[in-house]
Amino acid sequence: MYLYILTLMSIGGLLASCTDNSDNTPTPPAEGYTIEVGESMTMPENEFVTKIPATNDYDPEVVKALEATENITDVKPFKLVHAFDFIQQKFITKTAYYFNYKQYIDHENPSKGWFKQQCVLSVAGKDRPTVLHTEGYDLGHTNTNRLDSIFEPTLVSVLEANCLQVEYRYHGWSLPEGYTNKFNYLNCKQQSDDLHAIVTTIKNSGIISKSSKWVATGVSKSGMTTAHYAYHHPNDMDVYVPFCAPFLTSLSDQGPSSYILTPEALGGRQQVWQSLKDAFRTYVSDKSLQAECLKLAKKDYPQQFGSGDDEKLRIELLKMLFENYYRKMSYVKLQLWQSLIPKAGDGAERYIKFIMSDQNTRYTDESGDEYERRQDFNDAMDDLKSGSTPLFLTRSGEPVKRHDPYSVQTCIDLGNFAISLEWIKDLLTDAEKNSLIEIGDPAYYGVKYDDGKFIREFLDGMKQSDCNMCFVYGMQDPWTGGRIPDDKLGKNSQILYIENGTHNDAIETYNSSERNQLFQWLHGLGFDL
């Protein structure tokens with residue numbers, strides 16, 4: 001059996017053991033749950049669930065156990081069709097179980113009542129390990145917006161594991177304050193407590209053996225959630241494996257965008273680095289080149305550049321140069337697009353092709369399988385277009401799309417990043433600089449930023465942790481510029497760097513040395529590899 005796993009590190013609170021063997025099931029939340037609805041808005045039908053037909057192909061004992069478990073409601077077996085099998089290198093269909101968990105609105109004040117938090121459980125075997133996917137968004141963040149199309153982490157197939165997925169509060173239909181513009185209980189601590197309550201309940205349900213190992217994992221914001229959960233509840237899991245998780249301490253942290261301006265992010269390819277820098281500086285300094293590129297953009301990309309003030313559109317195209325470079329570095333291996341980098345003397349056609357290429361572009365030397373796998377991941381990260389997607393009202397009255405509670409939370413306790421102008425700042429006017437560097441506005445959402453307090457406390461806590469934890473970062477990924485500092489690692493923590501890694505948990509792309517490091521580490525922790 002080939003088990004390829006990713007990074008596990010250690011987090012905790014000066015505790016000898018990382019596993020919580022407590023059988024204390026959380027007290028049922030107070031009754032009185034109501035859905036609030038914003039002014040002039042109606043609560044939509046949850047088509048994420050109702051679109052899925054019933055199935056008779058399931059284990060009745062699992063359904064029986066879930067329905068008999070306190071705080072669990074609305075159990076529904078279904079066929080999950082986007083389960084990626086790492087060994088077979090293809091998507092497979094498996095049975096999974098949807099349910100809602102009656103969760104405290106405010107863990108600090110249970111009298112506030114409860115809300116329904118969406119969860120999904122797939123069962124490979126009672127004695128198999130269980131992967132907790134610490135989802136950072138809604139469960140349905142695919143373009144199909146269907147329950148049967150949600151993704152499981154790669155570690156699930158690697159470990160032939162059960163998988164428990166939990167929707168992040170305020171995302172999807174897990175709405176502590178209903179269909180409103182309120183975000184009073186949106187923060188990392190509340191979500192960590194959500195995970196603790198659900199994990200404790202499932203451990204005590206009898207569905208999974210008490211002796212089975214548990215792994216928490218996630219990618220990007222979901223990886224951040226993994227790490228925050230480890231900080232708040234170090235004994236819940238045997239291991240914690242966050243992928244590509246950044247930790248930002250301001251609303252304009254330039255660490256990620258500065259990182260991709262270094263040769264290190266380009267694999268030490270000094271010549272490629274110099275070519276990129278020259279291309280950026282040439283474009284920014286040549287206003288006539290910018291004008292020619294804008295003409296092409298208006299013609300070829302009318303939805304983005306078809307109308308509006310030319311000066312504003314010029315700035316938008318300049319911003320696109322940075323944003324799509326960020327996206328390429330995040331999701332597309334450098335060797336696939338480095339030939340697009342403009343050279344001295346190249347005209348607008350070459351520049352616009354480079355500027356507008358992004359994670360959705362099909363690159364010449366890219367295999368069909370590689371492209372499709374990336375698109376599956378990209379679909380999961382794109383904006384939803386479903387008419388049933390809940391919209392939250394902002395203070396200004398404009399709608400916030402489904403995944404945008406993340407944007408709200410960056411203005412509460414997560415922090416955010418800003419474009420680094422290091423390569424071209426001497427070529428820009430003050431007005432251009434101000435237009436390119438955007439900073440999140442907490443007042444826009446009616447929230448207050450903690451000035452990086454939580455993230456600093458989290459990082460200090462990591463240094464004191466003794467749980468088994470591995471942070472995994474791709475060397476090309478911009479978010480590696482926000483990685484946990486070496487001096488904040490606990491005694492059982494480690495960082496695994498993936499030489500050609502981008503922003504994902506695609507273990508199959510790791511080289512043999514990187515895989516062996518993971519195999520040996522997991523074997524030493526008692527995993528049957």
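The values are calculated or read from the model by the stated rules, or taken from the named source; none is laboratory data. The shown structure was predicted, so the numbers you read here are calculated from the model rather than taken from an experiment. Please note: Cβ atoms are built from the backbone with ideal geometry, for glycine as well, and neighbour counts cover all protein chains shown. Surface accessibility is based on the protein's heavy atoms, side chains included, excluding ligands, DNA and RNA. Shrake-Rupley method; radii C 1.70, N 1.55, O 1.52, S 1.80 Å.
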(request) Using the structure shown, list the pairs from K76/K116; K287/K319; K213/K488; K90/K328; K126/K203 with a Cα-Cα distance above 20 Å, or answer none. (result) K213/K488; K90/K328
(message) Given segment 131-195, report the % of alpha carbon pairs whose separation exceeds 13 Å.
(response) 66 percent
(message) I want the antiparallel fraction of DSSP beta bridges within the chain, as a percent rounded to 5.
(response) 50 percent
(message) With +1 assigned to the C-beta of every Lys and Arg and -1 to the C-beta of every Asp and Glu, and no other charges, what is the dipole magnitude of the chain about the Cα centre in debye, to the nearest 20?
(response) 500 debye
(message) Tell me the mean residue ellipticity at 222 nm calculated for the chain from its helices only (DSSP H runs of n ≥ 4, each -39500 (n - 2.57), averaged over every residue, nearest 500).
(response) -9500 deg cm²/dmol
(request) Scan around S220 for amide H atoms under 5 Å from its own, H built in the peptide plane at 1.01 Å from N, and keep only partners 5 or more places away or cross-chain. (result) F243, C244, A245
(request) Would you please put 66-72, 512-518, 325-331 in order of how densely packed they are, using the mean number of other Cβ atoms within 10 angstrom per residue and starting with the highest? (result) 325-331, 66-72, 512-518
(message) Quick check on segment 395-514: take the gyration tensor over C-alpha atoms, sort the square-rooted eigenvalues as a ≥ b ≥ c, and tell me if it's rounded (a/c under 1.5), prolate or oblate.
(response) prolate
(message) Can you tell me how segment 97-210 classifies by the Cα gyration tensor, rounded, prolate or oblate, using a/c under 1.5 as the rounded cut?
(response) oblate
(message) I need the peptides 216-227, 150-161 ranked by packing, meaning the mean over residues of other C-beta atoms within 10 angstrom, with the highest value on top.
(response) 216-227, 150-161
(request) Describe numerically, in nm with one decimal, the distance between label points set 7 Å from Cα along Cα→Cβ at S211 and at D300. (result) 6.2 nm
(request) Quickly rank 480-490, 165-175 as a protection proxy: mean count of other C-beta atoms within 10 Å, highest first. (result) 165-175, 480-490
(request) Pop out the ³J(HN,Hα) list for segment 455-464 in order, Karplus 6.51 cos²θ - 1.76 cosθ + 1.60 with θ = phi - 60°, rounded to Hz; leave Gly and Pro as x. (result) 4, 5, 5, 4, 4, 5, x, 4, 5, 8
(request) Normalising by the residue count of segment 68-177, find the relative contact order in percent from Cα pairs under 8 Å and 6+ residues apart. (result) 29 percent
(request) Considering Cα pairs under 8 angstrom that are at least six residues apart, work out the relative contact order of the chain and quote it in whole percent. (result) 23 percent
(request) Please give the length that would be gained between A344 and L427 if that part of the chain were fully extended, namely 0.36 nm times their separation in residues minus their C-alpha to C-alpha distance (nm, one decimal). (result) 28.1 nm
(request) Would you work out if segment 254-379 is rounded, prolate or oblate? Take a ≥ b ≥ c from the square roots of the eigenvalues of the alpha-carbon gyration tensor; rounded if a/c is under 1.5, else prolate when a/b is larger than b/c, oblate otherwise. (result) oblate
(message) How large a share of the accessible area of segment 411-513, in percent, is made up of carbon and sulfur atoms when the probe is 1.4 Å and the other protein chains stay in place?
(response) 46 percent
(message) Quick check for you: with a 1.4 Å probe and neighbouring chains kept, what is the accessible area per residue of the chain, in Å²?
(response) 41 Å²
(message) Less than 13 Å from a label point 7 Å out along the Cα-to-Cβ axis of K287: which backbone N atoms in segment 342-366 qualify, by residue?
(response) none
(message) So if I take the alpha carbon set of the chain, get Rg, then get Rh from the Kirkwood formula, what is the Rg over Rh ratio?
(response) 0.96
(message) Angle check, please: helix 270-285 long axis (alpha carbons) against the longest principal axis of the chain (alpha carbons), in degrees 0 to 90, nearest 10.
(response) 60 degrees
